[in-house]
Every structure is written in structure tokens, then in C-alpha cells.
Amino acid sequence: MRVYLDNNATTKLDKDVLEAMIPYMTEIYGNASSLHSFGREATRGMNESREKIANILGVSPKEIIFTASGVEGDNLAIRGIARAYKNRGKHIITSSIEHPGVKETLNDLKKEGFEITFLPVDKDGVVSLEALKDSIREDTILISIMHANNEVGTIQPVEEIGKIAKEHRIIFHMDAVQTAGKIVLKPLEIGADIVVFSAHKFHGPKGIAAMYVRNGVRLGKLITGGGQEGKMRPGTSNVAGMVGMATALEKAVKDMDENIKKESELRDYFEEQLLKNLPEIVVNAKNVKRLPGTSSIQFRYLEGESILLTLNYKGIAVSSGSACSSDDLQASHVLLAMGIPIEFAHGTIRFSLGNETTKEEIDYTIESVIETINKLRVISPLWGEFVDNR
Ligand SMILES: *Cc1c(COP(=O)(O)O)cnc(C)c1O
């Protein structure tokens, strides 16, 4: 049996989405910037996709900019704001659990004289609103806080953050890559000025993402060379990708309630079974609002890498820490920020369910995880030490 439980890293392309894209990769191959009929057909596909996405978010199509990835969108948002508003101030507030697309971009901006405040989170990964209010200064130009965290699934109090940002006339950028298509995402209700999301996280194609930029918010340009995407993201339009993204989002939103129910029920059953059968495990962010399909678990006194590889051998795909940091063995900055001791952070595994995950797959995973943990603990010196000192 092969079980894919790494849907926070990427998802499988939906068949209907592929079908909607094929014409734009075959007959409708014109350049969307060309004035002839070949180009116009492509333009139509692009415009319709932009409208569909804007409608779902409840915003204007003019406020949607397509990019090639979520990381690119985060960069364009943060660097774009930094460039456009640096005369007003050079202070930016963020959380200590952001995706590298935000975290590393902000760290890079320090070289240009920007000061970054990294807000603490509590043990469940929730940003402190008090700390946010206290950190606001005269020269604060941007608050960048994610909607939901990719590693533990915690959903942030974004409406409150939006309100605080608005009161102080500070731009609020929200990385919503983990929430678009999974939970309700309405930028106007949240009060977010820039929202970034990416197609491949909701069964769309890789290589296409989008951002909402509220009318009136200025962004400095990062690339030049054409008029596409309001000159903010020049380069020949990836129309097939846009059509795929719009189709995928439409479908995800249509099936959202059903998917939330199904995934959270399976996730809760999964966690309940593991908690019942394994000692010394902790489910992260269990008692706060979190993504329906995300389960982050500390298997104490073990190394996450050995759990991941043993499960992989059994055909089960999971992630230890963040997918983006899987090639270096540094403990996840998210788990450390939540106050999890480094040795337990190293033993944490993320299981991320998707809309195709079945009860059979979860039962097989439960059985495999229990077997794996028990086997690995027998040979784990950390576990031996723990048992001896108990
Ligand atoms: C996956 C992810 C990104 C990056 O999106 P890409 O399209 O893969 O570049 C950014 N932020 C979060 C929270 C993510 O989960």
C-alpha cells in the first residue's frame, strides 16, 4: 500500500483540472499579449481565470496578480512594500513561525537597513496579539503574518491582526498558501491588504500562484520587461496554469465543507488511536483552531528522520519538520518557537491528510506508526535512558 500524507508539501493534480488545462497547452497556444485571434483566445482564458479567483475571494479581478509560486508572491509582497514605503519607515513585524519564503526574505532585508521584529508564539503556535500591539512603532510599514502554519496547522487570529493593522494604518500581508481552498479565505473580512496563495497546495498545477493586492497598496517592482500583471510580474502569461489554478480553487471551494468534515474526522481518529496506543507522544496544537488535515506529533526520545525513513519503507509519505528544510537536519524553527525542546522537535513528524485520504489508508498508517515507534524505541539510546530514569 502507498499512502501519501504530505499534502501540506504538495498535492496531486486533480483530473478535472488537468482536463481544463489541456486546451491551453495544445490548440490555444497564442501569447496572451498578442492582438490576433490566437492571442485573444488565450487572453480570454486568462481573464476568466482571474475573474473566477477574484469572485471566490470577494475582490476585484484587477486586484489579482499571478506569480509562479507562493515563495515568489511572498517575495513580491515583502520586497515590493519595502521598496515602495521605505521613506515612511523601515520597521517590519512578523511572527517567529513563518514559512522560509517570508522569514528568509525579511532576514535578507536587514542588509538594506530594515529592522524586523519576530513576534513570539505560545505553546500552540498562536501569535500574541499583545506582543503585536506592543511592537508597533511610528516607522512600522508592514505586518507579515501567515493565515495558517504549514508545519503544525495553527490558524492565526487574523481578523484581530487585520483590525490592529488597520487602526495603525499599517499594511497587512498574509501568507495564505496553506488555507486557500481548505478553509474560508475572504481578504476583506480579514482586513488583509496582500494575500498570497499557490495552486499546487489545492490540487492545482505547480508553477502558478496568485496574490491579492488591495487597490491603493503600492508595490515596488522586482522584475521589469513587460506589461503583464499590471507590470508587476512581467513575462509571458502561463495561461494553462491560470486556468488550472482557477478550476482547482473553484472545485476546492465547492467541496470545502465536505472535505473539512472528512479530513478532520479522520485526523482526530488517527490521533486518538496513536495517543491510546503509544506512550510519550504529544500532538502539537491539538486544542487550538487548526487546519483540518494537519497532524503534527512529537514521538519523544526518537529521531524524526528514522521514523520518516521507516514509514517510507512501508509506503507511507510523511514529513519531519518543514518540507523545505528536509535536506538540512536543523530542528524546525516553528517547533522551537513553540517552546518544544530541541530533542522533541527532532522527533516530530507531520502527517498532512488530503481530500483523497481514506479510512483504510489511515488504519494502515496507524498500525504502521505503532509498529515503527515500538521497534525504533527498542534500539533508541534516548528511549533507554528515559526508561532507566523513570
Ligand atoms: C508551500 C508554502 C509556501 C510556498 O509556496 P510555493 O508555491 O511552493 O512556493 C509558502 N508558504 C506556506 C505557508 C506554504 O505552505
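The values are calculated or read from the model by the stated rules, or taken from the named source; none is laboratory data. Here the structure is a predicted model, which is why all the values come from computation and not from measurement. Don't worry about glycine lacking a Cβ; one is built from the backbone with ideal geometry, like all the others, and counts go over all protein chains shown. Heads up: the accessible areas ignore ligands, DNA and RNA and are worked out on the full protein's heavy atoms, side chains in. Shrake-Rupley method; radii C 1.70, N 1.55, O 1.52, S 1.80 Å.
If you place +1 on the Cβ of every Lys and Arg, -1 on the Cβ of every Asp and Glu, and leave all else neutral, what size is the dipole of the chain about its Cα centre, to the nearest 20 Debye?
Using only the charged Cβ atoms, the result is roughly 1240 debye.
Send over a whole-number figure in Å² for the accessible area per residue of the chain, probe 1.4 Å.
Working: 17360 Å² over 390 residues.
Per residue, the chain has 45 Å² of solvent-accessible surface.
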- Which of the aspartates and glutamates could a cross-linker bridge to residue 231, judged by Cα under 18 Å and excluding same-chain residues fewer than eight apart? 63, 72, 74
- Positive-end extreme of charge dipole, the chain - chosen from 252, 384, 49 (charges on Cβ): 49
- Item | Relative contact order (%) - the chain, alpha-carbon pairs under 8 angstrom, separation at least six | 22
- Given 11 as the ceiling on other Cβ atoms within 10 Å, longest exposed-site-free region of the chain for GluC sites (Glu not before Pro) in DSSP loops: 139-390
- Percent antiparallel among DSSP beta bridges with both residues in the chain, to the nearest 5? 55
- Query: Which pairs, out of 12/163; 52/133; 123/289; 166/201; 182/289; 163/261, put more than 25 Å between their alpha-carbon atoms?
  - Reply: 12/163; 52/133; 166/201; 163/261
- Note on the structure: All alpha-carbon distances of the stretch 116-249, grouped into 5 Å bins from 0, give the whole-percent distribution 2, 9, 18, 19, 19, 16, 10, 5, 2, 0
- Item | Rg to Rh quotient for the stretch 1-122, alpha carbon positions, Kirkwood Rh | 1.08
- Message: Quick one: the Cα spread of the stretch 15-254 along its three principal axes, in angstroms, biggest first?
- Response: 56, 36, 27
- Message: Students often get this wrong, so check it: of 254/276; 90/251; 206/254; 86/186, which have C-alpha atoms separated by over 30 Å?
- Response: 254/276; 90/251
- Most fluctuating residue given options 307, 223, 362, as computed from a GNM of the chain linking Cα atoms under 10 Å: 223
- Query: Which percent of the accessible heavy-atom area of the stretch 96-199 goes to carbon and sulfur, probe 1.4 angstrom?
  - Reply: 50
